[in-house]
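FYI, it's all coordinate maths here, none of it is from the lab. Not measured: the values here are computed from a predicted model. Cβ placement follows ideal geometry from the backbone for every residue including glycine, while neighbour counts extend to all protein chains displayed.
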Amino acid sequence: MDYFVAYKEKKRNLLKVRKAMVDYALEHGMKPAAREFKTTVKTVKKWVKRFREDPENGLLSRVGTSKK
């Protein structure tokens, strides 16, 4: 699964891809998740961190929203 392809294509299932990536990272580690989803460790860490902070809305994009 390629995270960047899903992101660029604005697939409807981007949240599912992010959730799958986070689940994989929590089970197997950050580096293996980055390899599996063809992305960077930094991207995996970002989504894991956001998911841990807010499991309900943490995987939503923050583009165009102000951070409070």
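At 7 Å along Cα-to-Cβ for each site, give me the label-to-label distance between Val41 and Leu14 in nm.
My value for the distance between the label points is 2.6 nm.
Would you mind computing, in nm to one decimal, how far apart the modelled labels at Asn57 and Asp23 are, each placed 7 Å from Cα along Cα→Cβ?
2.4
For Lys45, give me every one of the aspartates and glutamates with a C-alpha distance below 19 angstrom, ignoring sequence neighbours fewer than eight places off in its own chain.
By straight Cα distance, Lys45 reaches Asp2, Asp23, Glu27, Glu36, Glu53, Asp54, Glu56.
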